[in-house]
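J.: Pasting a structure here, questions to come.
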Amino acid sequence: MKLRLFMCLLFLFTAGCARDVTVFESAVYSLEDDRIAVDCSDEVNRNRKNHTDEGYHCEVLVTESTSLKASGGGAITLDELNEGDLIRITLKKPLNISKNNRSFEAKEIMLQAQ
């Protein structure tokens, strides 16, 4: 009985601490040919107890398989995004975004209505 309780608590603790991110929203800081720099401070700090107000940028890789959409669902191109635009990023695979892990590939990028 104690072992079963211990295993349940261990599972809950590890599941709560290692929540991988699959989707998040952020503003575009800069655009390159195949990369978008975004603010990911909230994602980096979500599991940290003693974090500062330090900001973090993430590098979002845009590949041929990345789907780019407007908020209405229509397709857009990377050239139609601008600095300051709010976008919703769906990662290609769930990831624990952290201070040392801030570069990832996007499965979908959706421009949010302004």
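Read-outs throughout are calculated quantities, based only on the coordinates presented, and are distinct from any laboratory measurement. Quick caveat: nothing in here was measured; it's all calculated off a predicted structure. All Cβ positions, even for glycine, are placed from backbone atoms using ideal geometry, and neighbour counts span all protein chains on display.
J.: Taking θ as phi - 60°, what are the ³J(HN,Hα) couplings along the stretch 66-82 by the Karplus curve (6.51, -1.76, 1.60), each to the nearest whole Hz, with x for Gly and Pro?
T.: Those phi angles translate into 6, 8, 10, 9, 8, 4, x, x, x, 6, 10, 10, 4, 5, 7, 8, 10 Hz.
J.: Once the other residues with Cβ under 9 Å from the Cβ of Lys93 are scored (Lys, Arg +1; Asp, Glu -1), what is the net sum? It would help to have the intermediate numbers written out before the result.
T.: Values: positive: Lys92, Lys107; negative: Asp20, Glu105.
Around Lys93, the surrounding residues sum to 0.
J.: Using the Cβ atoms and a cut-off under 13 Å, what net charge is assigned to the surroundings of Lys107, where Lys and Arg are +1 and Asp and Glu are -1? If you can, show how the numbers build up before the last one.
T.: Working: positive: Lys69, Arg88, Lys92, Lys93; negative: Glu64, Glu105, Glu108.
Summing Lys/Arg as +1 and Asp/Glu as -1 gives +1.
J.: Here's another thing I want to ask about it. Using modelled amide H (1.01 Å from N, peptide plane; none on Pro or chain starts), what sits under 5 Å from the amide H of Glu108, excluding residues fewer than 5 places away?
T.: When sequence neighbours closer than 5 places are left aside, the close amide H contacts are Ser67, Thr90.
J.: Moving to a separate point now. Determine the gain in length on full extension of the stretch Arg35-Lys107; use 0.36 nm per residue of separation and subtract their C-alpha separation, reporting nm with one decimal. Walk me through the numbers on the way to the answer.
T.: Numbers: separation 72, 0.36 × 72 = 25.92 nm, distance 1.30 nm.
Separation in residues times 0.36 nm, less the Cα-Cα distance, equals 24.6 nm.
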